[in-house]
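The block underneath contains the structure these notes are about, expressed in structure tokens.
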Amino acid sequence: FLSAVAAGRAQVQQEPLAETTEGTGITINCSHPNINSYDFIYWYRQLPGRGPAFIALALKGSKEVAEPSGRLSVAADRRSSALWLGRPRRGDAAVYYCALG
């Protein structure tokens, strides 16, 4: 399974759990309604038994993510972002965090 929890400042909210099966795409959403114009959006993941690892950051728009393979998209109003994993593997099961900074 893939899970996501609230992280970073109190303005960041994520669903407590997101699940999929291996090879079936999944979107992990993050809400940040009080984002400032100068804030970057950071995404991390924490694999079992490891510390958090940086995935990607974005200011706006959409960008490809190499590991895990997918895409990070920021809403036009920047109030939310989403990490899409196209073909998640069992090894991608982790806690996924978003944060502002």
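The values are calculated or read from the model by the stated rules, or taken from the named source; none is laboratory data. Remember, predicted model here, so these are calculated numbers, not experimental data. No Cβ is skipped: glycine too gets one built from the backbone with ideal geometry, and neighbour counts run over all protein chains shown. These area figures cover heavy atoms from the full protein model, side chains too; ligands, DNA and RNA do not enter into them. Shrake-Rupley method; radii C 1.70, N 1.55, O 1.52, S 1.80 Å.
Within the stretch 89-101, the set of residues being open to solvent by less than 80 Å² (accessible area, probe 1.4 Å) and either within 10 Å of the chain's Cα centre (by Cα) or modelled with pLDDT of 90 or more (or both) comprises GLY91, ASP92, ALA93, ALA94, VAL95, TYR96, TYR97, CYS98, ALA99, LEU100.
Determine, yes or no, whether GLY86 is small (Gly, Ala, Ser) and loosely packed, with under 12 Cβ neighbours inside 10 Å.
Judged against the criteria, GLY86 is not a match.
Restricting attention to the stretch 69-83, the residues that are in contact with a Gly (Cβ under 8 Å, 6 or more places away or on another chain), open to solvent by 50 Å² or more (accessible area, probe 1.4 Å) and not polar (S, T, N, Q) total 1.
Restricting attention to the stretch 27-48 and to residues that are buried (at least 19 other Cβ atoms within 10 Å of the Cβ) and more than 10 Å from the chain's Cα centre (by Cα), the residue that is farthest from GLN11 (Cα to Cα) turns out to be ILE35. Going residue by residue through the stretch 49-66, is there one that turns out to be modelled with pLDDT of 90 or more, open to solvent by less than 40 Å² (accessible area, probe 1.4 Å) and acidic (Asp, Glu)? No; the residues of the stretch 49-66 include none that is modelled with pLDDT of 90 or more, open to solvent by less than 40 Å² (accessible area, probe 1.4 Å) and acidic (Asp, Glu).
In summary, ALA76 fulfils each of the numbered conditions (1) small (Gly, Ala, Ser); (2) touching a strand residue (DSSP E or B) at 6+ places or on another chain (Cβ under 9 Å); (3) at pLDDT 95 or above with the single exception of condition (2).
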